[in-house]
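I have placed the structure first, in the form of C-alpha cells, so that the comments after it can refer back to it.
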Amino acid sequence: MTDLNELTLAQARDGLARGDFTSVELTAACIAAVEAARPLNAFITETPEKALAMAKASDERRASGTVGLMEGLPLGIKDLFCTEGVLTTAASHILDGFHPPYESSVTTRLWSEGAVMLGKLNMDEFAMGSSNETSYYGNVVNPWVPEGDNRRYVPGGSSGGSAAAVAARAVLAATGTDTGGSIRQPAAFAGIVGAKPTYGRCSRFGIVAFASSLDQAGPMTRDVRDAAIMLRAMAGFDPKDSTSVDMAVPDFETALDGDVRGLKIGVPAEYRVDGMPAEIERLWHQGEAWLKDAGAEIVPISLPHTKYALPTYYIVAPAEASSNLARYDGMRYGLRVPGKDLVETYEGTRAAGFGAEVQRRIMIGTYVLSAGYYDAYYLKAQKVRTLILRDFQQAFQGVDAILTPTAPSAAFAFGEKSGDPVAMYLNDVFTVPASLAGLPGMSVPAGLSATGMPMGLQVLAPAFDEMTMFRVGAALERAAGFDARPAKWWVS
Amino acid sequence: MSLDRDTVRRVAKLARISVNEDRLDDLGHDLNRILGFVEHLDEVDVSGVQPMTSVASQTLRWREDRVTDGGYPEKVTGNAPAADHDFFAVPRVVE
Amino acid sequence: MNLIEGATGPWEIVIGLEVHAQVSSNAKLFSGAATAFGAEPNSQVSFVDAGMPGMLPVINAWCVEQAVRTGMGLNAEINLRSVFDRKNYFYPDLPQGYQISQYKQPVVGRGSVTIELSDGTVKVIGVERLHLEQDAGKSLHDQHPSMSYVDLNRSGVALMEIVSDPDMRSAEEASAYVEKLRQIVLYLGTCDAVMAEGSMRADVNVSVRRPGEGFGTRCEIKNVNSMRFIRQAIEYEARRQIAIIEDGGKIDQETRLFDPNKGETRSMRSKEEAHDYRYFPDPDLLPLELDPAWVEGIRASLPELPDAKKARFVAEYGLSDYDARTLVSDRASADYYEAVAKGRDAKLACNWVTTDLFGHLNKDGKTIGDSPVSAAQLGQLIDRIVDRTISGRLAKEVFELMWETGRDPDAIIEEKGLKQVTDTGAIAAVVDRVIAENPDKVAEVQGGKEKLLGWFTGQVMKLSGGKANPQAVNDILRAKILGG
Ligand SMILES: [Mg+2]
Ligand SMILES: [Zn+2]
C-alpha cells in the first residue's frame, strides 16, 4: 500500500468507504508526515492527540452508518480560523495564548461532515503578505526548490502554511482564506489547487478578520476534484454572518466531467502586464490552446480598470484592516505590554504585538480614513471598485469564464522581494481584481518554470457560478496532466 | 501627497502604535511609497459612480429579538491578561 | 426673549441636545445577549459584544422597528435606506475598537417636537435626526487602587440617538424637551426612559451669545442622567461661559463632564485628544433597507400621541388646556381618565382623577399602574354621586376606604350603611325632633333670621349620620318652619 498521506481526498474517501483502511490509520500516516515536514515550518500548532480522537470517533460513526462528506479525512486548518480550545494566533504575537471559546462556522461544518483536524497552519501575520515572511512564528518554506539551488523559496501567502503542507503531502487538504489572492497565489507557488468561492458562499464567522469586504475561505487541495468536494463541505448559508448568502450549495463534483465544449473563455488584454516573464505568457497561451482543443471558444475581452485594482485594493484592505485590528489592544485577550498608563499600554502592546507589515497596513488604513483624506482615498477607491465590478459584469455577458495566469512569476527566494512593500504587492496583480468584485476564482497547477518551479493558471467565473469554474478547472487539469512533485528534501 | 514626520507621528498616535523617533523616517518612506502607488487612482474619472457598499447584491438580513447568547462570563474573560471577579482589569482610566 | 443678565449686559443661552434613548428590547442590537439592567458583571455578554476575533454583527429587527416608530413619534422622515458606519476610537469599554453607529445616512431624518412651557408658551424644537447605534460597556474605577474594572453588559445594547437643533434658549426649555421625548417614547413603548438606570441620558451642548448675534462656541456636557442635572448643568455652564467672555476670555470647544456632587461642569481631559473617528461604512453589514409597505404598516399601528390626545381631550371632553395636559402626561393616566369619563360627566371625572386620585398617588409615591382604585371602581363611585346614592362629601370618605381596601364603592356603601336617606318620611321625623327641641331658634327663623336655617340643616345631617340628602332636608325644614 502506498503511504496513506499521499492520497487525495477522493482516493482516501473511497478507500475509507471500501474499508481498505481506517481514519485512525490514515490520520496516523498524516501525523507522521506532519512531523517529518517540520523543517517547512508549515504548522504553528500540531494537534495529533485531537486528530487521533477525531479519527477514532469518525471510524465509530462510520461503523454505525453515519458518513459525512469529509468523513475521516485529515485536514490542516489555517491559523486564521478560530478553533475552540485550540490556540489560534493569526500568526501574530498579539494573539499570544489565545484559546477561542468558540469555533468558526466553516470548521464547524467540516467537523460535522466528519473531517479530522491535524493542527493549525502557519500563514502571513493577519493574512497580510504574499510570501509568508511576516509570520511571528517564522517563515514557511516552500517544498519546491529549483534543482541545484541551495536557497529556500517562499510558498506564497498568506495561506503559505496551507500550501506547503498540502504540497508536502503532510495533510490531505487544508483550509485557506483569500483576501486578495491568499489562496490562489500560494496554490500556484506550491503546485496545488486553490479555490476562492464567491464572496458570501463561505461564512466569515469565526475567521479572524483582515478585510471584511474581501475575506473568503476556500479549499487548498491536491487536485480539482478535492477542491470541489471540500468546498461543498465548507460552503453554505450562516445566519451569524450578515454577508453570507442564503443559496443552495450545489454538488460541485458533478461539474468535473471537464466538458467545456461550446463554452466561451475570455482572455483579458489588460492582464498582459509589462515585464511579465515569457514563461508565464507561454503558459497562458498553452492554457488557451488546451481549452480550445477541448472544444471551448477563446474570446479576447477587455477589463479596462484592471490596472487600478491593486491601488484600490491597497486602500480598501488596509482601511478595513485598521479598524478590524483595533480590537487587539491588550485589554481582553492576547498580549499585554503594561505601560505607565492606559495609552502607553495600548501603544506598547500594539507596537510589540504587530509585525512591521501589519503596522504599515494599519497606518496606511488609518491615514486613508482620517479626516480630510476619506473622500480622496477610501471613497474614491470604493467608486473605482464599482467600475472594476462593472468591467467583469460586462465581460461575463459575452463569456462563461475567464482565463489568466495566477501570478506574474513562479515562487521566489526568501528576501528577494521583502525589501519593498510595493514590489511584494505586485504578486497579487492577477488575483486582486476578482477579489474586489467578489467573484469565484481558482488556481490550477499547469506547468513548471525553466527552473522547475510550479506555475498556475487562474479560472474566474461569474458570481455564484463555481460550477463553471470547476468545469473549466477540470478541463485544464486534465490537459495539463501536472504530476510533478517536489523532492522530499526535508525528510532526513 | 506625502507624509512628513509629524503626520506619521499623528497617524501612529491615532492607530495607538508607539513608533520610536528613529523609525519615523523609514516608516514615512514606506508609507509614502505605498501612497505614491495608490495615487494612480487620481487618473480615474468616477463622476456619477456610486461607491461599492457590498459585492453581494443582497439586503441586510434581520434577526428576531430573542435572547440566544451570553451567560458565560468565565468564557468572556477567560483569555484576559488580567481579570477579577468576572470583570476585565485594565490600566486605570482617568476621566 | 429668555435672557440672563451678565455683568456687562444681557446674554442668550443656546442649547442643543443629543439624547440617547435605549431601545426596549430583549436582546442587543447586533447580538443575542440580554439587556436587563443590573445583571452580574459580563453575564450578558456574547463573544460579539466582547469584540472577540472573527465575531460578526447581525441586526435585531425589533430595534429597527422601534427606531422607525420613534421617528414617526417625532414627526420625522423615515429613510428607506440607511447605512451603519464604524466610529473608530480606543477605549477600554469599547471592545471592538469602534462603535457601530449611523453617520451620514441615519434611519430617521428631520422631525420636530412641540414643547409647552409653564407660562403656556408653545414652541417647536427641530430634530435633526435619529440614528441607531451600540452602547459601550462600563468602567468602574473604585474597585482596585491602580486598575479600572470593565463590565461589558451594556456593550452592544441598542441606543437611539436623537439629535435636536440648537433651538432651546433656557434650562426650562431643555427639560421640557427631554420630558416631551420621554412622553413620546413611553407612549410608543420604544424606550422605558428610566434616567436613573441610564436608559435615557443626554449630551447637552451649551453656548452663549449676545441677543441677535451668531452662535457662540459650544461645549458638550456628556451623559447627564437626570432632569435636575440637565437644568443645573445648563445654568452652571452658561454662567461659566459668560464669566469667561466677560473677562475677555475665549471659550474652548470641548467635552465636559457634569459633577452632580459639586453642581459643576469640568473639562474631560482624557477625551481632549484630537478626535478623528475615521467613520466608514461597516463592511460586516449591508445597508439597512426598509420596505415602504412595512413602514406604512407601522404608521398605521401607532398609538395616539400626547399632542393629539390632548387636543382631543379639550375638544371631546371640554377640559381646560391645563387639565388635558396633566392627563396626557403619560399614557396610563390618559387611558385611566378615559375609562372613568366614558359615559359620565367628563369634568367631574377629571376632578376626581386629577385631584383625588393623583393626590393619593403622589402622597403614597405610587404610579397609576399600581393604584389600588381601578378606573371602573372610580367610575362607579362617580355614578353613586350622580344618582344621589351618596353625597359628594360622603364620596370622599368612600374613596378613602376604597384606597385603603381596594374594594368596590357599592360594597363599602352597603356595608357601612352610607346610603343617602332620601325617604322624606324618615327625614321629616328627624326635622320634627329638631324643631321640637329648639323652639326659640324656630321663632328666630320665623322672625326673619333665615340664616339660621343652615344651623337646622346641620343638626338634621348630624342626627342622620350624614346620610340624609341635604337638598331634601332643606326643603322639609323650609316647609315646616316657614310654611312655604
Ligand atoms: Mg453624540
Ligand atoms: Zn451616540
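Conditions tested, residue by residue: (1) surrounded by fewer than 18 Cβ atoms within 10 Å (Cβ to Cβ); (2) in contact with a Ser or Thr (Cβ under 8 Å, 6 or more places away or on another chain).
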residue	(1), (2)
C:27	no, yes
C:40	yes, no
C:59	no, yes
C:75	yes, yes
C:102	no, yes
C:125	no, yes
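Given (1) away from ligand 2 (no atom under 16 Å from the Cβ); (2) touching a residue at least 24 places away in the same chain (Cβ under 8 Å), where does residue C:182 come up short, assuming only one miss?
(2)
What about residue C:142, is it within 16 Å of ligand 1 (Cβ to nearest atom) and not basic (Lys, Arg)? Outline the logic, then answer.
Details: within 16 Å of ligand 1 (Cβ to nearest atom): no; not basic (Lys, Arg): yes.
When the stated conditions are applied, residue C:142 does not pass them.
Within segment A:87-106, track down each residue that is outside any helix (DSSP H, G or I), of a type in the set (A, V, I, L, M, F, W, C) and touching an Asp or Glu at 6+ places or on another chain (Cβ under 9 Å).
A:87, A:90, A:91
Count, please, the residues in segment C:3-48 that happen to be over 30 Å from residue A:327 (Cα atoms) and more than 16 Å from ligand 1 (Cβ to nearest atom). Break it down into steps so the answer makes sense when it comes.
Here is the first cut: in segment C:3-48, the ones over 30 Å from residue A:327 (Cα atoms) are C:3-17.
Those still in the list that are more than 16 Å from ligand 1 (Cβ to nearest atom) too: C:3-14.
So the answer is 12.
Within segment C:93-133, can you find the residues that are within 16 Å of ligand 2 (Cβ to nearest atom) and part of a loop (DSSP other than H, G, I, E, B)? Spell out the reasoning first.
Step one: of segment C:93-133, the residues within 16 Å of ligand 2 (Cβ to nearest atom) are C:93-94, C:96, C:98-108, C:127-133.
Within segment C:93-133, C:93, C:94, C:96, C:102, C:103, C:104, C:105, C:106, C:107 qualify.
Within segment A:405-445, track down each residue that is surrounded by 24 or more Cβ atoms within 10 Å (Cβ to Cβ) and within 14 Å of chain B (Cβ to nearest Cβ). Before you say what the answer is, go through the steps one by one.
Narrowing segment A:405-445 to residues surrounded by 24 or more Cβ atoms within 10 Å (Cβ to Cβ): A:405-407, A:410-411, A:427-428, A:430-445.
Hits for segment A:405-445 are A:427, A:428, A:432, A:433, A:434, A:435, A:436, A:437, A:438, A:439, A:440, A:441.
Quick check on residue C:189: is it within 14 Å of another protein chain (Cβ to nearest Cβ), in contact (Cβ under 8 Å) with a residue 40 or more places away in the chain and surrounded by fewer than 17 Cβ atoms within 10 Å (Cβ to Cβ)? Quick ask: steps written out before the conclusion?
Values: within 14 Å of another protein chain (Cβ to nearest Cβ): yes; in contact (Cβ under 8 Å) with a residue 40 or more places away in the chain: yes; surrounded by fewer than 17 Cβ atoms within 10 Å (Cβ to Cβ): yes.
Yes; evaluated as a whole, the condition is true for this residue.
Quickly run through segment C:134-172 and pick out the residues that are within 10 Å of chain B (Cβ to nearest Cβ), free of Cβ contacts under 8 Å to residues at least 24 places away in the same chain and part of a loop (DSSP other than H, G, I, E, B).
Across segment C:134-172, the qualifying residues are C:141, C:143, C:144, C:145, C:146.
If residue C:201 passes every condition in (1) more than 16 Å from ligand 1 (Cβ to nearest atom); (2) closer than 29 Å to residue B:92 by Cβ; (3) modelled with pLDDT of 95 or more but one, which one does it miss?
Of everything listed in (1) more than 16 Å from ligand 1 (Cβ to nearest atom); (2) closer than 29 Å to residue B:92 by Cβ; (3) modelled with pLDDT of 95 or more, residue C:201 misses just condition (1).
Specify the residue that is nearest to the chain's Cα centre (by Cα); the eligible residues are those in segment B:60-95 that are among the β-branched types (Val, Ile, Thr) and at pLDDT below 95. Don't jump to the end; show me each part of the working.
Initial filter on segment B:60-95 (among the β-branched types (Val, Ile, Thr)): B:67-68, B:76-77, B:90, B:93-94.
Imposing the further condition that a residue be at pLDDT below 95 reduces the set to B:93-94.
Numbers: B:93: 21, B:94: 23 Å.
The selected residue is B:93.
From the list A:351, A:294, A:326, A:319, exactly one residue is more than 10 Å from chain C (Cβ to nearest Cβ), closer than 30 Å to residue A:89 by Cα and modelled with pLDDT of 95 or more. Which is it? First the steps, then the outcome.
On the way: A:294 fails: closer than 30 Å to residue A:89 by Cα; A:326 fails: more than 10 Å from chain C (Cβ to nearest Cβ); A:319 fails: more than 10 Å from chain C (Cβ to nearest Cβ).
Of the residues listed, the single one that is more than 10 Å from chain C (Cβ to nearest Cβ), closer than 30 Å to residue A:89 by Cα and modelled with pLDDT of 95 or more is A:351.
Specify the residue that is farthest from the other protein chains (Cβ to nearest Cβ); the eligible residues are those in segment C:88-133 that are away from ligand 1 (no atom under 16 Å from the Cβ) and of a type in the set (Gly, Ala, Ser).
C:120
State which residue is farthest from residue C:95 (Cα to Cα) when the search covers only segment A:334-353 and only residues that are in contact (Cβ under 8 Å) with a residue 24 or more places away in the chain and of a type outside the set (Val, Ile, Thr). Before you say what the answer is, go through the steps one by one.
We begin by selecting, within segment A:334-353, every residue in contact (Cβ under 8 Å) with a residue 24 or more places away in the chain; these are A:334-335, A:349-350, A:352-353.
Narrowing further to those that are of a type outside the set (Val, Ile, Thr): A:334-335, A:350, A:352-353.
Details: A:334: 13, A:335: 15, A:350: 15, A:352: 20, A:353: 17 Å.
Selected residue: A:352.
Where the second residue is aromatic (Phe, Trp, Tyr) and the first is under 16 Å from residue C:397 (Cα atoms) and lies in segment C:358-380, which pairs have Cβ atoms under 7 Å and are six or more apart or on separate chains?
C:360/C:403; C:372/C:403; C:373/C:403; C:378/C:352
Report those helices (runs of 4 or more DSSP H) wholly inside segment C:213-321 carrying at least 2 residues which are within 14 Å of another protein chain (Cβ to nearest Cβ) and within 25 Å of residue C:179 (Cα to Cα).
Details: elements: C:227-246, C:292-300, C:306-317.
It comes to none.
Assess whether residue C:194 counts as being within 14 Å of another protein chain (Cβ to nearest Cβ), away from ligand 2 (no atom under 14 Å from the Cβ) and not charged (D, E, K, R). Even if it seems obvious, please write down each step before you answer.
Values: within 14 Å of another protein chain (Cβ to nearest Cβ): no; away from ligand 2 (no atom under 14 Å from the Cβ): yes; not charged (D, E, K, R): yes.
Answer is no for this residue.
The values are calculated or read from the model by the stated rules, or taken from the named source; none is laboratory data. No experiment lies behind these values; they were computed from the predicted model shown. When we count neighbours, we look across all protein chains shown, and the Cβ atoms used for this are built from the backbone with ideal geometry, even at glycine.
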